[in-house]
Amino acid sequence: MDDISFRIYKLAVSGFCCSQIMIIMALEEEERENEDLVKASHGLCGGINLKQKTCGCIISGIQILGMYGGKGSEEEYCKENFKVMMDEYMEWFEEKFESTDCIDLVGVQIIKDDEGNTTYPVKCGDIVKECYLKIQQILYENGYDFGDRE
């Protein structure tokens with residue numbers, strides 16, 4: 001198991017979902033924490049509110065791209081390549097997975113453990129890894145140094 005897969009596994013067994021895992025790992029690349037952003041990403045779990053609609057990896061991927069290219073203050077404008085990066089990510093995702101809905105990607109209902117806690121199939125970890133690596137690739141190809149937004 002490689003380092004990324006192992007980190008995804010550790011975060012998943014700690015109770016984080018796909019969208020939260022992607023955000024946590026992106027922040028870790030910068031040696032930062034942002035508990036509010038991780039909490040806000042919790043609502044994306046299981047295809048938004050466990051409804052198995054839009055995959056959280058899509059939205060968290062767009063969030064990560066936004067951390068690099070999006071508008072963050074009144075005085076700031078988004079980077080010229082922000083939309084291009086988002087378009088590339090969305091097109092890749094739809095082509096790669098042939099759907100954007102959690103139910104289609106995972107193929108099973110959300111699983112609950114004996115205590116009623118939500119757990120996620122192994123397939124989610126594979127999707128998280130592929131999406132996380134694609135986000136890195138898109139950022140690098142657009143002149144960003146992943147892990148260094150300063």
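The values are calculated or read from the model by the stated rules, or taken from the named source; none is laboratory data. On a predicted model such as this, the values are computed, not experimentally measured, just so you know. In this analysis, Cβ positions are derived from the backbone assuming ideal geometry, glycine residues included, and neighbour counts consider all displayed protein chains.
For the range 8-36, what are the residues that are buried (at least 18 other Cβ atoms within 10 Å of the Cβ) and without any contact (Cβ under 8 Å) to a residue 60 or more places away in the chain? Don't jump to the end; show me each part of the working.
The first filter runs over the range 8-36 and keeps only residues buried (at least 18 other Cβ atoms within 10 Å of the Cβ), leaving 8, 11-12, 16-27.
Correct list: Leu11, Phe16, Ser19, Gln20, Ile23, Ile24, Leu27.
Checking Tyr9 against (1) under 18 Å from Lys134 (Cα atoms); (2) hydroxyl-bearing (Ser, Thr, Tyr); (3) touching a Gly at 6+ places or on another chain (Cβ under 7 Å): exactly one of these is not met. Which one?
Checking Tyr9 against (1) under 18 Å from Lys134 (Cα atoms); (2) hydroxyl-bearing (Ser, Thr, Tyr); (3) touching a Gly at 6+ places or on another chain (Cβ under 7 Å), the one that fails is (1).
Only one of (1) exposed (fewer than 12 other Cβ atoms within 10 Å of the Cβ); (2) at pLDDT below 95; (3) over 18 Å from Val13 (Cβ atoms) fails for Tyr140. Which number is that?
(2)
Inspect all residues belonging to the range 83-95 and state whether any of them is of a type in the set (D, E, K, R), surrounded by 12 or more Cβ atoms within 10 Å (Cβ to Cβ) and touching a residue at least 12 places away in the same chain (Cβ under 8 Å).
yes
For (1) more than 12 Å from the chain's Cα centre (by Cα); (2) among the acidic types (Asp, Glu), each residue gets a yes or a no:
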position: Asp2; (1), (2): yes, yes
position: Leu11; (1), (2): yes, no
position: Ser19; (1), (2): no, no
position: Met22; (1), (2): no, no
position: Leu27; (1), (2): no, no
position: Cys57; (1), (2): no, no
position: Ile62; (1), (2): no, no
position: Ser73; (1), (2): yes, no
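Kindly provide the set of residues from the range 48-80 that are touching a residue at least 60 places away in the same chain (Cβ under 8 Å), assigned to a loop (DSSP other than H, G, I, E, B) and surrounded by 18 or more Cβ atoms within 10 Å (Cβ to Cβ), ordered by number.
Cys55
With the condition kept exactly as written, say whether any residue in the range 126-137 is surrounded by fewer than 17 Cβ atoms within 10 Å (Cβ to Cβ), at pLDDT 95 or above, within 19 Å of the chain's Cα centre (by Cα) and closer than 21 Å to Ile48 by Cβ.
Looking through the range 126-137, at least one residue is surrounded by fewer than 17 Cβ atoms within 10 Å (Cβ to Cβ), at pLDDT 95 or above, within 19 Å of the chain's Cα centre (by Cα) and closer than 21 Å to Ile48 by Cβ.
Consider the range 1-26. How many of its residues are outside any helix (DSSP H, G or I) and either acidic (Asp, Glu) or modelled with pLDDT of 95 or more (or both)? If you could, list the steps in order and put the result at the bottom.
Narrowing the range 1-26 to residues outside any helix (DSSP H, G or I): 1-2, 14-17.
Checking the rest, the ones that are also either acidic (Asp, Glu) or modelled with pLDDT of 95 or more (or both) come to 2.
Of the residues in that region, 1 qualify.
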